[in-house]
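A.B. asks: For reference, the structure I am asking about is given below.
The values are calculated or read from the model by the stated rules, or taken from the named source; none is laboratory data. Because the structure is a prediction, the values reported are computed rather than measured. Don't worry about glycine lacking a Cβ; one is built from the backbone with ideal geometry, like all the others, and counts go over all protein chains shown.
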Amino acid sequence: MMGESGTRTSLLRRLLDAAGYRLEDRPAGLKAVRNRDRRVVLVVAGSPSPAEVELEFPPDSLHRTIIYTEDPGPAARSVASERGLEVLDAQTLGPAMGELLLPSPVALVRDTDDAEEGEGPLEPPPSFVPTQTRTVRPRLSEEDARTVAGVEEGRYVLRLVPFYVAPYRVRTPTPHGRPGTIADHLVAVNALSGRVDVWEVGERDLVEEIELPSERLEPTLSEHEARERAESALRRHHTVSVDHTEQHAGALIIERRKVPPGPSDLAIGTAVVLHVPFWYAESSGGRVVVDAVSGGPVAELDEAR
């Protein structure tokens, strides 16, 4: 019978594959490589030293993570820290799942094919969602959610949380006021809590309906409120730090300032409501919410429920 570590590895294999990693079984363990953000994950059995498995990581990898099926101990963590390797185990894996599976906002920047550097206001990008596909397909089953949440006893409910999602186009500020690169992204506003996230087209599978029993929640935030929150959050998100250097009387003065996108450098398109699946684990010890797409635990989404 498959043990707990084997179950976790099997779950990781499915999630990493769905998140766009190329999987390869190596003597050291399961190796997962995602080229678009140069992230590499190595799932190892036992407690080999990070020095023993470091050669599994390509030289050009930017994010290198070792997932141990058991606690590697402080010595291994120290070696990994010296070599710039991230170490995760059963206790720390859950909070890191979202970052491992969904690329970071920095990695999601993609130049549009017709992007041009120049002045002038930006046109909002067109809608990205077919009319009937308004639900995000979950990747985690209830059994998977129990493994991630670590809550064996209790009631698990799959809730479809509404998000206002819109395409947007931004011209990123650059030093000395030169026109920046134009890129397209998605902004997603939780229609219950108001939290704002940046998404990328294609990272979530959209369907008309899902087969699993679920509760569909309705927005409590208006579209106007969501749009205001999105614009404010996006201007903060795309603000850059610029070092301005001047020389006065032989002294070099460096002034660091933050430059947000200008009024004409951000254009948000038409929003649609998408329902995103989350597993709610409710037990006598409280409630844990697990993202049914990324597998990462999340902050409370709806305090009223």
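A.B. asks: Filtering region 222-246 down to residues that are at pLDDT below 95 and assigned to a loop (DSSP other than H, G, I, E, B), which residue is nearest to Leu274 (Cα to Cα)?
C.D. replies: Among those residues, the one meeting the criterion is His238.
A quick yes/no check of all residues on (1) in the same structural domain as Ser10 (by TED's automatic domain parsing); (2) closer than 27 Å to Asp291 by Cβ; (3) touching a Leu at 6+ places or on another chain (Cβ under 8 Å); (4) at pLDDT below 80:
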{"residue": "Phe57", "(1), (2), (3), (4)": "yes, yes, yes, no"}
{"residue": "Ser61", "(1), (2), (3), (4)": "yes, yes, no, no"}
{"residue": "Asp71", "(1), (2), (3), (4)": "yes, yes, no, no"}
{"residue": "Arg77", "(1), (2), (3), (4)": "yes, yes, no, no"}
{"residue": "Leu88", "(1), (2), (3), (4)": "yes, yes, no, no"}
{"residue": "Asp111", "(1), (2), (3), (4)": "no, no, no, yes"}
{"residue": "Gly120", "(1), (2), (3), (4)": "no, no, no, yes"}
{"residue": "Val129", "(1), (2), (3), (4)": "no, yes, yes, yes"}
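A.B. asks: If you check Val53 against the conditions, is it touching a residue at least 12 places away in the same chain (Cβ under 8 Å) and part of a strand (DSSP E or B)?
C.D. replies: Numbers: touching a residue at least 12 places away in the same chain (Cβ under 8 Å): yes; part of a strand (DSSP E or B): no.
No, not satisfied.
A.B. asks: Of all residues in region 128-173, which are under 18 Å from the mean Cα position of the chain (by Cα) and assigned to a loop (DSSP other than H, G, I, E, B)?
C.D. replies: Arg137, Pro138, Arg139, Leu140 - these are the residues of region 128-173 that are under 18 Å from the mean Cα position of the chain (by Cα) and assigned to a loop (DSSP other than H, G, I, E, B).
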